[in-house]
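Data first, discussion second: the structure below is written as structure tokens.
We did not get these values from a lab; they are worked out from the coordinates using the rules stated. All values reported here derive from a predicted model rather than from experimental measurement. Ideal geometry is used to build each Cβ from the backbone, glycine not excepted, and the neighbour counts take in all protein chains shown.
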Amino acid sequence: MKISDALHRDMEKKKIDVALSLSLLDRINSGKVSTGETGEARGIPGVDGDRIVDTVSAPTWTGDARALHRRLGELGLVPDRLRFEIPVSGPVTLGADQLREIGLHLLPRVAYGVLNGGSATSYADHTKNRDFNETLYRLYEPLLNTIGEAVRGKAKGLTPALFSSTGVPGASYLELKMRHLLLLLSESRDATGSALPAGHAPIFQMSSVHNNDELSRAYEAYRNSPLLKDLIAETGVDITAVRTGVQPMISAYTHSRHGSPRSIFDRAYGEHGRTLALPGGHGQSFSVLKSVYRSLRSDGFRFAYIGNVDNLGFTVDPVTVAFFALTGRPAAFEFAYRTPVDVKGGILIEDMNKGLTCGDIGPAVSRSYVEETEKSGTSILFNCATGLFDLDWLDANIDRIESDLPLRLSDQDKDAGLYSQAEQVTWEVIGMIDDPIIFAVDKYRRFLAAKLLSESFMTNGVHLDEPGFPTDENPEKDLKGTAEKLNAGLSHLLTEVYGLGRRD
């Protein structure tokens with residue numbers, strides 16, 4: 001498709017990838033897109049210890065001793081270096097402590113990636129925070145005015161993740177994640193007696209054309225962060241040396257009301273030759289990070305986590321790393337047991353071929369079906385947006401994922417006009433994997449995500465003791481009860497995972 005010179009200039013000015021936008025347009029017009037629904041659910045799978053493993057209570061791994069010795073050899077781990085003995089034959093069961101030790105041996109070969117392209121604009125938006133809960137909004141309004149103004153437009157990972165009970169901001173999401181990785185690397189070195197490999201920090205990211213420079217500047221400053229500086233010196237790992245794939249922007253496309261074939265939307269705000277720059281969804285990370293994954297593999301990394309930067313529960317867990325590594329499966333994903341407030345997002349479902357996939361409540365499976373399933377005693381597992389991949393498998397399959405991951409087109413009716421947005425959803429990759437493993441996790445330990453600043457305040461217990469904090473007998477509306485659980489989970493993470501203590 002040819003586009004006008006004026007539209008081409010507008011796209012380049014907005015840092016839109018013109019070639020990619022036109023390539024996606026060809027894909028749209030060839031019919032290789034979906035227009036909303038995520039697929040038809042055959043049913044809700046239950047925890048079975050094989051495909052779906054409960055990790056809330058201490059998990060155990062059971063297998064054959066000879067096969068275990070063989071697998072450890074494939075992973076480059078000599079059993080004699082472990083502080084426990086593995087029999088040479090017969091059945092063997094590994095408990096959480098033994099799995100953790102194996103995980104600590106594997107840790108220097110585990111990379112940790114964050115999807116870091118978003119800004120904090122909608123996060124701090126007054127209308128969105130008010131719509132979440134009017135009473136809570138009034139309680140937080142003064143903080144939303146001051147802190148919201150300070151974070152609006154910044155890369156979300158650079159905004160405060162921690163607040164005191166009165167709302168004083170503390171460390172950012174990225175500072176905490178870097179600190180966590182350094183603490184784990186130090187623990188790995190002490191537990192295994194092995195020096196850390198030099199020169200390769202275990203962290204990577206997908207940034208965007210709009211925030212990559214901002215992130216780079218922040219990382220330079222983080223080298224002197226009081227949370228990181230001493231640990232960088234102790235471990236010899238410059239955790240701020242982040243490998244990066246930069247996500248381009250794509251253009252908006254014409255609305256379905258304007259018929260087929262689709263074209264580039266060029267009437268933004270009623271002005272001819274003007275389009276909108278939009279992200280292509282986190283699913284585009286497989287394309288954007290392809291060279292990063294391959295560089296990690298060539299540098300000796302064997303496994304790679306990927307998850308959202310704003311989830312404080314997204315950390316490296318040596319126990320599940322070991323469990324996953326011993327299974328030899330291609331990928332693992334975390335789903336938390338659904339709580340009453342988890343009403344919008346993806347859940348674990350079986351598709352019509354009995355394969356596991358992630359489907360949205362509403363488009364893929366009705367809310368009433370979810371409620372009826374839970375009443376029957378089957379737990380619903382809610383997507384935590386955390387994946388762990390075997391890099392050998394990912395390297396061999398990433399081209400297929402890049403080309404076949406569903407592209408979804410949704411109509412929009414906003415101030416800019418009627419247009420459509422094309423996105424890829426990362427977690428639909430589950431349906432493309434023959435034998436993934438699902439870890440069922442505790443939401444309050446592994447999924448403390450905040451899409452709104454009000455949610456972050458809740459998790460941090462800001463004004464939790466104020467008499468006006470909204471409460472209700474209905475668990476779905478009891479924000480105080482939810483905030484207390486979130487805050488207890490955060491307190492555990494801060495002391496046990498992020499190595500912080502409470503003062504004043």
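Ranked from largest, the principal axis spans of the Cα set of region 22-108 equal 60, 32, 22 Å.
Going by average Cβ density within 10 Å per residue, which order do the peptides 177-183, 252-258, 43-49 take, highest to lowest?
Per-residue mean Cβ counts within 10 Å order the peptides as 177-183, 252-258, 43-49.
Projecting the Cα atoms of Val209, Tyr498, Tyr222 onto the dipole axis of the chain, where Lys and Arg carry +1 and Asp and Glu carry -1 at the beta carbon, places Val209 farthest toward the positive end.
Mind checking which helices in the chain clear 24 Å along their axis (Cα) and have mean Kyte-Doolittle hydropathy of -0.5 or more, DSSP H runs only? The partial results should precede the final answer.
Values: long enough: 173-192 (29 Å, 0.01); 479-496 (25 Å, -0.11).
What comes out of the filter, once short or polar helices are dropped, is 173-192, 479-496.
Close amide-amide hydrogen proximity is noted between Asp54 and Gly49, Ala440, each under 5 Å apart and 5 or more residues distant or on a separate chain (H modeled in the peptide plane; Pro and chain starts excluded).
If I stretch the segment between Glu234 and Ser366 completely, what's the gain in nm (0.36 nm per residue apart, minus their alpha carbon distance), one decimal?
Numbers: separation 132, 0.36 × 132 = 47.52 nm, distance 5.19 nm.
Stretched fully, the Glu234-Ser366 segment lengthens by 42.3 nm.
For region 450-462, 3J(HN,Hα) computed residue by residue from phi via the Karplus equation (6.51, -1.76, 1.60; θ = phi - 60°) reads 9, 8, 10, 4, 4, 5, 5, 4, 4, 4, 7, x, 5 Hz, glycine and proline entered as x. Distance from the alpha carbon centroid of region 67-91 to that of region 104-123 works out to 30 angstrom. Straight-distance candidates among the lysines for linking to Lys443, with alpha-carbon spacing under 24 Å and chain neighbours fewer than 8 residues away dropped: Lys128, Lys156, Lys177, Lys344, Lys375, Lys451, Lys477, Lys480, Lys485.
Ranked from highest to lowest mean number of other Cβ atoms within 10 Å per residue, what is the order of the peptides 466-478, 50-62? All intermediate terms of the calculation are to be shown ahead of the outcome.
Values: 466-478: 11.9, 50-62: 15.5.
In decreasing order of mean packing, 466-478, 50-62 become 50-62, 466-478.
Placing unit charges on each Cβ (+1 for Lys and Arg, -1 for Asp and Glu) gives the chain a dipole about its Cα centre, and among Val288, Thr93, Phe132 the Cα reaching farthest toward its positive end belongs to Val288.
Rounded to the nearest 500 deg cm²/dmol, what is the calculated helix-only ellipticity per residue at 222 nm for the chain, with -39500 (n - 2.57) per DSSP H run of length n ≥ 4?
Details: 17 runs with 180 residues, N = 504.
Only helices count here, giving -10500 deg cm²/dmol.
When the convex hull of its Cα atoms is viewed from all sides, region 98-231 shows a mean projected area of 10.5 nm².
Mind checking region 1-89 for GluC sites (Glu not before Pro) that DSSP puts in a loop (not H, G, I, E or B) and that have at most 12 other Cβ atoms within 10 Å? If you can, show how the numbers build up before the last one.
Numbers: sites: Glu12, Glu37, Glu40, Glu74, Glu85; in loops: Glu37, Glu40, Glu85.
Filter output for region 1-89: Glu37, Glu40, Glu85.
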